[in-house]
Amino acid sequence: MSHTCVKCGDQEECHYNEKTSADLTARQLCFSCDFYWRFLNDPVKTPNRHHHSTAVVAGGNIYTDGGNVENPGDGRFLGFAGHRFHFRMLDGSREWVSNNVWHGGEIPQIWRDEIPDTAEIVRPAPV
Ligand SMILES: [Zn+2]
């Protein structure tokens, strides 16, 4: 079963598992738009998914901080291979550095009004 995405107009063929296809059909969204819909509307964060409750948006990109790791030499996988990010919330509520940041992708223009920037990347963080 296929439908036209009400957000972006792409044709969605729903070649996914039963639940995903049913969700896409119910929302009349394509797989890509559903990612952003869930980012905004899932009631709670699903493990390993980006969610508005825990992510920041900077420069039109979604980032989730997995929590800075003090001694990263223990073989753990770190987001961006341990690259240090320095974030500042646009409302001034928080500023911090993390070496465990995960990228949620660049937000398509059609979602930017609903998912605006909440933070900025201050500068290249010290190594
Ligand atoms: Zn779409």
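Can you list residues whose amide H is under 5 Å from Asp65's amide H, if they're 5+ apart or on another chain and H is modeled 1.01 Å from N?
Residues meeting the criterion, in which the H sits 1.01 Å from N, are Val56, Trp102.
Once the Cβ-Cβ distance between Arg112 and Thr4 is put in as r, and R0 is 22 Å, what FRET efficiency do you end up with, to the nearest 0.05?
0.55
Quick one: Karplus J couplings for region 109-118, per residue in order, coefficients 6.51, -1.76, 1.60, θ = phi - 60°, nearest Hz, x for Gly and Pro?
3, 5, 9, 5, 5, 7, 10, x, 4, 10
Counting Lys and Arg as +1 and Asp and Glu as -1, what is the net charge of the other residues whose Cβ lies under 13 Å from the Cβ of Ser21? Please list the in-between numbers first.
Details: positive: Lys19, Arg27; negative: Glu12, Glu13, Glu18, Asp23, Asp34.
Within the 13 Å Cβ shell, the charges total -3.
Hey, what do the phi angles of region 2-7 turn into as Karplus ³J(HN,Hα) couplings, whole Hz, using 6.51/-1.76/1.60 and θ = phi - 60°, x for Gly and Pro?
10, 8, 9, 5, 6, 8
Which whole-number value in Å³ per residue fits the convex hull of the alpha carbons of region 45-127? Don't skip to the answer; put the middle values down first.
Details: hull volume 8.3 nm³, N = 83.
Measuring per residue, one finds 100 Å³ for the Cα hull of region 45-127.
Could you give the radius of gyration (one decimal) and Dmax (whole number) of the Cα atoms in region 1-41, in Å?
9.0, 26
Give the relative contact order (percent, whole number) for the chain; include only Cα pairs under 8 Å separated by 6+ residues.
22
Loop-only GluC sites (Glu not before Pro) in region 1-110, please: DSSP not H, G, I, E or B, and at most 13 other Cβ atoms within 10 Å.
Those satisfying the criteria are Glu13, Glu70.
Classify region 19-90 from the C-alpha gyration tensor, please: rounded if a/c falls under 1.5, else prolate or oblate depending on whether a/b exceeds b/c. Please list the in-between numbers first.
Details: a/c = 2.84, a/b = 1.92, b/c = 1.48.
Taking the square roots of the gyration eigenvalues as a ≥ b ≥ c, region 19-90 is prolate.
For the chain, take the longest principal axis of its alpha carbons; what is the angle in degrees between that and the long axis of helix 31-41, to the nearest 10 within 0 to 90?
Its long axis makes an angle of about 60 degrees.
Among residues other than Ala58 whose Cβ falls under 10 Å from its Cβ, what is the net charge (Lys/Arg +1, Asp/Glu -1)?
Net of charged neighbours comes to -1.
Per residue, how much accessible area does region 46-127 have with a 1.4 Å probe, in Å²?
With the other protein chains kept in place, region 46-127 gives 60 Å² per residue.
Do the sum for the chain: with -39,500 (n - 2.57) for every DSSP H run of n ≥ 4, divided by all residues, what is the mean residue ellipticity at 222 nm, to the nearest 500 deg cm²/dmol?
Per the formula, -5000 deg cm²/dmol.
If I compute solvent accessible area with a 1.4 Å probe over the protein chains, what percent of it on the chain is carbon and sulfur?
With neighbouring chains kept in place, the figure for the chain is 52 percent.
Once phi is turned into ³J(HN,Hα) by the Karplus curve 6.51 cos²θ - 1.76 cosθ + 1.60 with θ = phi - 60°, what whole-Hz value does each residue of region 9-19 show in order, with x for glycine and proline?
Taking θ as phi minus 60°, the curve returns x, 6, 7, 10, 8, 6, 8, 10, 5, 4, 5 Hz for region 9-19.
Loop only per DSSP, at most 15 neighbouring Cβ atoms within 10 Å: give me the chymotrypsin sites (Phe, Trp or Tyr not before Pro) in region 4-71, ordered by residue number.
In loop regions of region 4-71 (DSSP not H, G, I, E or B), the sparsely surrounded chymotrypsin sites (Phe, Trp or Tyr not before Pro) are Tyr16.
The values are calculated or read from the model by the stated rules, or taken from the named source; none is laboratory data. Computed from a predicted structure; not experimentally measured. Using ideal geometry, Cβ is built from the backbone for each residue, glycine included, and neighbour counts are taken over all protein chains shown. Only protein heavy atoms, including side chains, enter the accessible area calculation; ligands, DNA and RNA are left aside. Shrake-Rupley method; radii C 1.70, N 1.55, O 1.52, S 1.80 Å.
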